[in-house]
Amino acid sequence: METEQKAAPVSAHTIDHDSWKQVGLLLVTGYSCGYILSFSNLMLVPLGWTWGIISLIAVAAFTAYCSWLLAGFHFINGNRFIRYRDLMGSLFGQEMYYFTWVSQILILLLTNMGFILLGGKALKEINGEFGGSHLRLQYFIIITGAAYVIFSILVPTISSMGKWLIISTILTFTYIVVLLAIVIKDGTNTNRVVNYETRGTTASKIFNGFCAISAMVTCNAAGIIPEIQSTLRMPAVKNMRKALHLQFSVGLAFYYGVSVAGYWAYGSTVSEYLPEELTGPRWAKVLINLVVFSQSIISQHVFIAPIHEALDTKFLNLNKDVHSKENIKYLILLRVSLFTLNTLVAAALPFMGDFVNLIGSFLLIPLTFVFPSMIFIKVKGEMKKIEKVWHWAIIVLFTLLMVATTIAAVRLIVNNVATYYLFADT
């Protein structure tokens, strides 16, 4: 079916270009970005060891399976779907097209705001280590947003990341190795008393546990499998599945490894930003934060690229190169406008932890788990009874999970709203 396309998809960005190894590196480094420095607190503190490890394994297994399943529907009846929204709209109608697209926009915008906040915090930590003047977090957020704008103009598409992914891989390996070395040193310090007790009432533990599951979903997925798959050269399905295997082996070892190690070393009091817990040396803390900032510039590009692609396809001249004299002014305007909005919101609401939970619950669970099984049932038509039961079970189970985790995430935001104030220097 991959060789029987009825019409070539239209896009301002590159299609049919990248190897599975490049996309594999993109997934490994993208999901092993500085976001993982908050996952010990977000994913394991609310659940503790037993339920935490069980949930980590279960979420990873289902995410890997559903991603593998979705990758198989890149071609249907000779049509190639390079965008998730087009796939859902073709099968289920215009309402699902818009629901999918709005969900993706919200996920990608909030994720990018989180990256901007992450980069700002890393720069502020570096400033603090050198005893610099006390500057508000917002100044560092603005610097981060400006860096993201410049990168997005110089490297406008996923395919053009190329050598930058090699740099990202080196940076990722560097900061994770240094980080784990210090975390393990702190964890083996016999003078430290570490408590793993989950706190709160029974009701709060249950709600916080669902929030942790939401964070696990966010840790493993972004709801943009078709968009990433579109960059792959043929055979796109086989190559995407190879890239996914790399993510859920090497990549999973990275971002789960750091999360588990951080919880093991510091227990239930572990910070939402892991480097704050490190005992030193100073050069290592500066290096980790510097690498986190630098690597985030590259990683964030993956998770905002579908929005860039939509804007570029609509406003640029598709017959010209994106950096052509005719397109460059529109490219700059689109990138500056988008990142100005994101930077402003990140500076005004620097409390992304709670919103990560909301992303994972209400938006990502359907895109990651529910929709692939819906597509399977729709496309497959006649199937074995066990297949039908299996996929309907996934739909029902994760719909219920979506409801539970959304309630938990909203409850957490409502409980914490009293501590929020605009442009807080957190």
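For this structure, a couple of remarks:
- The range 320-426: equivalent-ellipsoid semi-axes (sqrt of 5 x gyration tensor eigenvalues, Cα, Å): 37, 28, 6
- 4 °C / 1.567 mPa s Stokes-Einstein diffusion coefficient of the range 85-195, Kirkwood radius on C-alpha pairs, µm²/s: 72
- Share of Cα-Cα pairs in the range 199-349 lying beyond 25 Å, as whole percent: 52
- Sparse-neighbour loop sites [chymotrypsin sites (Phe, Trp or Tyr not before Pro); the range 97-172; at most 13 other C-beta within 10 Å; DSSP]: PHE130
- Each 5 Å bin from 0 upward holds the following percent of the Cα-Cα pairs of the range 133-292: 1, 7, 11, 15, 17, 17, 14, 10, 6, 3, 0, 0.
- P(r) weight above 21 Å for the range 1-96, C-alpha pairs, percent: 54
- Under 5 Å, built H, 5+ apart or other chain: amide partners of LEU232: ASP16, HIS17, ASP18
- Span-like helix criteria (full DSSP H runs; alpha carbon extent of at least 30 Å along the helix axis; mean Kyte-Doolittle hydropathy of at least 0.0) are satisfied in the chain by 48-71, 94-129, 162-187, 282-315, 325-348, 385-416.
- Accessible area in square angstrom per residue, the chain, 1.4 angstrom probe: 42
- Rounded to two decimals, the Cα-based Rg/Rh of the chain, with Kirkwood Rh, is 0.96.
- Semi-axes of the equivalent ellipsoid for the range 52-146, Cα gyration tensor, largest first, Å: 40, 19, 11
- Whole-percent P(r), the range 132-188, all Cα pairs, 10 Å bins from 0: 18, 26, 36, 18, 2.
- Computed E for VAL177/ILE407 - FRET, C-beta separation, R0 35 angstrom, nearest 0.05: 0.35
- Mean residue ellipticity (222 nm) of the chain, computed from DSSP H runs ≥ 4 via -39,500 (n - 2.57), nearest 500: -22500 deg cm²/dmol
- Whole-percent carbon and sulfur share, accessible surface of the range 144-264, 1.4 Å: 69
- Taking only the C-alpha atoms of the range 242-288, Rg followed by Dmax gives 13.5, 40 Å.
- For the range 47-91, the fraction of C-alpha pairs more than 16 angstrom apart is 53%.
- Residues whose amide H comes within less than 5 Å of that of ILE76, counting only those at least five positions distant or on another chain, are PHE81 (H built at 1.01 Å from N in the peptide plane).
- Rounded, prolate or oblate (a/c below 1.5 giving rounded, otherwise prolate when a/b exceeds b/c) for the range 97-155 by Cα gyration tensor: prolate
The values are calculated or read from the model by the stated rules, or taken from the named source; none is laboratory data. Since the model is a prediction, treat every value here as computed from it, not as a measurement. We place every Cβ from the backbone using ideal geometry, glycine too, and count neighbours over all the protein chains shown. Heavy atoms of the whole protein, side chains included, go into the accessibility calculation; ligands, DNA and RNA do not. Shrake-Rupley method; radii C 1.70, N 1.55, O 1.52, S 1.80 Å.
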